[in-house]
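Input: a single structure, listed below in structure tokens.
Read-outs throughout are calculated quantities, based only on the coordinates presented, and are distinct from any laboratory measurement. Owing to the predicted nature of the structure, the values given are computational and were not obtained by experimental measurement. When we count neighbours, we look across all protein chains shown, and the Cβ atoms used for this are built from the backbone with ideal geometry, even at glycine.
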Amino acid sequence: MSLPSSSHAYGIGLIAVIIGAALGVSYYQLYYIPELNAKPIIPDKVLHPGDTTTIIIVPGSENPSQEQNFTPKTITAQLGVNNLVIWKNTSEAAHTVTPDKPFKDGYNGDFGSPGVIKPGAAYQFVFTQEAVIPYHCEPHPWMKGTITIVHGALTS
Ligand SMILES: [Cu+2]
């Protein structure tokens, strides 16, 4: 009579394994995946700053002997103040704003112009975290700039 009791124990064990697996899958779907996809909570002032930071791509930027291209070349923007950064192309050529190393903002994702910025067009990006990002122009690698994002006085 040892066989029925051991097969009974085996059955309970099997049910426990199935329930355990089901709980594991539910946890993964309900809590683990949403946690992975969750965006950080960013103050409204940072998402919609009152001011902008503007960088002009000046006429003649495509000329390697011209020193002025991204103007100003280095600039600092403050979170919650002027962290909406705009690159305006006032030259006759198409340019890009391309980070030297890929940079992903925790809220707004990959930084860098998608393709070229045509003459007269602009590229803008809202930074939501502190960073120092050297960037360049893909077709004209001598065009270089650095954008630095710091905490604003009101958002530390
Ligand atoms: Cu360029």
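The C-alpha atoms of the chain define a longest principal axis, and helix 2-27 lies at about 20 degrees to it. Relative protection proxy for 12-18, 50-56, 114-120, from highest mean packing down: 50-56, 114-120, 12-18 (other beta-carbon atoms within 10 angstrom).
Counting 0.36 nm for each residue step from Glu130 to Glu92 and taking away their Cα separation leaves a gain of 10.4 nm. When only alpha carbons are used to place a centre, segment 28-44 and segment 58-94 end up 35 Å from one another. Each peptide in 121-128, 60-67 receives the mean, over its residues, of other Cβ atoms within 10 Å, and ordering these scores from highest gives 121-128, 60-67. In order along segment 46-58, phi translates into HN-Hα couplings of 7, 6, 10, x, x, 10, 10, 10, 10, 10, 9, 8, 7 Hz, rounded to whole numbers, per the Karplus curve 6.51 cos²θ - 1.76 cosθ + 1.60 with θ = phi - 60° and x for Gly and Pro. In segment 55-156, the DSSP beta bridges split such that about 65 percent are antiparallel, to the nearest 5.
Think of each Lys and Arg Cβ as +1 and each Asp and Glu Cβ as -1; about the Cα centre, that makes the dipole of the chain roughly 140 debye.
Note on the chain: Kirkwood radius taken over Cα pairs, Stokes-Einstein applied at 4 °C and 1.567 mPa s, translational D equal to 68 µm² s⁻¹.
Using only DSSP helix segments of four residues or longer, with each worth -39500 (n - 2.57), what per-residue ellipticity at 222 nm results for the chain after dividing by its residue count and rounding to 500?
Per the formula, -7000 deg cm²/dmol.
Computed packing ranks the peptides 139-145, 42-48, 29-35, 82-88 as 82-88, 139-145, 42-48, 29-35, most packed first, by mean other Cβ atoms within 10 Å.
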